[in-house]
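The values are calculated or read from the model by the stated rules, or taken from the named source; none is laboratory data. Here the structure is a predicted model, which means the values were calculated and not measured. We place every Cβ from the backbone using ideal geometry, glycine too, and count neighbours over all the protein chains shown. Please note that ligands, DNA and RNA were not included when accessible areas were found on the heavy atoms of the full protein model with its side chains. Shrake-Rupley method; radii C 1.70, N 1.55, O 1.52, S 1.80 Å.
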Amino acid sequence: MCGSEGPRWGWGHRAPGPTLLLSVLVSAAPLGLQGEETRQVSLEVIPNRLGPPQNLLHIRAVGTSSTLHYVWGSTGPPAALLVATSTPHSTLAVNWSLLLSPEPDGGLTVLPTDSVRFSSALVFTRLFEFDSTNTSEVSAKPPGKPYAPYSLAEFSWNNISDSLDPATLSATFRGHPIHDPTGAFANGSLAFRVQAFPSSGRPAQAPRLLHSADTCQLEVALLGARPRGNRSVFGLEVVTLGQGPDCPSVQEQRSIDDEYAPAVFQLDQLLWGSLPSGFVQWRPVAFSQRQRGRDSALPCHASTLHPTLEYPLPQSPIVRAFFGSQTNFCALNLTFGASTGPGYWDEHYLSWSMLLGVGTPPVDSLSPLILGIMAVALGAPGLMLLAGGVFLLLGQKQCSEYQPIN
């Protein structure tokens, strides 16, 4: 409580401030997880010299004392591998013979192996669709009658080399079901746009997540696919590695500032262990129009992370190639939209964004607009008191100078 005084921290009579505590936390972090202001970023589609092209994208972000390796692939379900090392000279080695074999263990390696300070992975396994026509509750779970999900391991993907853009440090995986008997994806696709950053900044489009040189952004977009219901709500299953017997933690952060994402005062993040570590960060909002205005914002609901031992998962060759026969996986289900309000049915468009990175997740500071409002709100009473005090002083002076008539 405010009135009680517990044991004090630290040195002398003063407790360490937040800045000092953060600096101590960062200095104690392993090299590779301390974060860097800028990085030299390169994108490479690793060629398969043994056969047809394979979609294996390697993003290498080099700092002064560390390197981040992002490996994105669509062999099997779309997946991302994140590896942080404590040297600016680490490299990715690919053994295509192993990677494309039924037992891909050891097909991907980051060298030197003793420089690896953190590694984990994400796998995008299924696209859900629900019929929300007869669902009245916005927060219903599930948000309607489920249709048979689309297995993303059974999608055909474009050649990633055709979308590689070194200028924006981005590339796009675009796919559709291999077997599509109803023709739902005849004019549609599911896209995963990956983008890396050499320094801190913020995109021009909502939800305008604050990124750093230690992060990579993924934008998932469903466009043009014909829904199986009049008011279909879509969802995405995201699978990650567990931490020992437990699943990673998911935290919510709230703010009074919504300038960068109007009407969204929350930021969610998945943490692999205690900070600084690896993380996934997103705002609980998706959009049903390309302009991504407030009128097209959809609520994004996330389930709790749960182990996946109860049902089989499609294998990701790149995850198994790096981690071996890992069996401890956890799944998170995301659903976008509700039975009321805007939805995919508006323009047959849906987009959602997230950040993947290491270190301490970026934290939004209060925007200039909010700071200005706070300054006016807190300063106005003070100005009124000051003006009242000056008025009283001037009034007393005028009264004291009055000369009575004798």
(request) Could you identify the single residue in GLN205, GLN217 that is assigned to a loop (DSSP other than H, G, I, E, B), under 16 Å from the mean Cα position of the chain (by Cα) and surrounded by fewer than 22 Cβ atoms within 10 Å (Cβ to Cβ)? (result) GLN205
(request) May I ask you to verify whether VAL239 is open to solvent by less than 40 Å² (accessible area, probe 1.4 Å), farther than 30 Å from GLY35 by Cβ and at pLDDT 95 or above? (result) no
(message) Among the residues of the range 190-198, are any touching a residue at least 60 places away in the same chain (Cβ under 8 Å), assigned to a loop (DSSP other than H, G, I, E, B), open to solvent by 30 Å² or more (accessible area, probe 1.4 Å) and in contact with a Lys or Arg (Cβ under 6 Å, 6 or more places away or on another chain)?
(response) yes
(message) Please verify whether GLU154 is among the charged types (D, E, K, R) and open to solvent by less than 40 Å² (accessible area, probe 1.4 Å), treating the condition exactly as stated.
(response) no
(request) With the condition kept exactly as written, say whether any residue in the range 102-110 is touching a strand residue (DSSP E or B) at 6+ places or on another chain (Cβ under 8 Å) and among the aliphatic types (A, V, I, L, M). (result) yes
(message) Looking at the range 124-139, can you tell me whether even one residue there is open to solvent by 20 Å² or more (accessible area, probe 1.4 Å), β-branched (Val, Ile, Thr) and under 30 Å from VAL83 (Cβ atoms)?
(response) no
(message) Being of a type in the set (Lys, Arg) and at pLDDT below 95 is true for just one of ARG60, ARG49. Which residue is that?
(response) ARG49
(message) Criterion first (closer than 21 Å to TYR260 by Cα, at pLDDT 90 or above and of a type outside the set (D, E, K, R)) does VAL285 satisfy it?
(response) yes
(request) Filter the range 220-236 down to residues that are open to solvent by less than 20 Å² (accessible area, probe 1.4 Å) and assigned to a strand (DSSP E or B) and give me whichever is nearest to ALA61 (Cα to Cα). (result) VAL220
(message) Just the residues that are of a type outside the set (Ser, Thr, Tyr) and touching a residue at least 40 places away in the same chain (Cβ under 8 Å), please, taken from the range 177-189.
(response) GLY183, ALA184, PHE185, ALA186, GLY188
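Matching residues to (1) out of contact with any strand residue (DSSP E or B) (no Cβ under 9 Å at 6 or more places or on another chain); (2) of a type outside the set (Phe, Trp, Tyr); (3) modelled with pLDDT of 95 or more:
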{"residue": "VAL194", "(1), (2), (3)": "no, yes, yes"}
{"residue": "ASP246", "(1), (2), (3)": "no, yes, no"}
{"residue": "SER249", "(1), (2), (3)": "no, yes, no"}
{"residue": "ASP257", "(1), (2), (3)": "yes, yes, no"}
{"residue": "LEU267", "(1), (2), (3)": "no, yes, no"}
(request) Return only the number of the condition from (1) farther than 30 Å from LEU298 by Cα; (2) at pLDDT 75 or above; (3) outside any loop (DSSP other than H, G, I, E, B) that LEU394 does not satisfy. (result) (2)
(request) Find the residue count for the range 160-177, including only residues that are assigned to a loop (DSSP other than H, G, I, E, B) and buried (at least 18 other Cβ atoms within 10 Å of the Cβ). (result) 1
(message) Can you tell me which of (1) under 28 Å from LEU33 (Cα atoms); (2) touching an Asp or Glu at 6+ places or on another chain (Cβ under 9 Å) is the one GLN289 doesn't meet?
(response) (1)
(message) Need a quick list: strands (runs of 3 or more DSSP E) entirely within the range 45-125 having at least 3 residues that are in contact with a His (Cβ under 8 Å, 6 or more places away or on another chain).
(response) 56-62, 67-73, 79-85
(message) I'd like the residue in the range 304-328 that is open to solvent by 40 Å² or more (accessible area, probe 1.4 Å) and within 20 Å of the chain's Cα centre (by Cα) and, out of all such residues, is farthest from ALA206 (Cα to Cα).
(response) HIS306
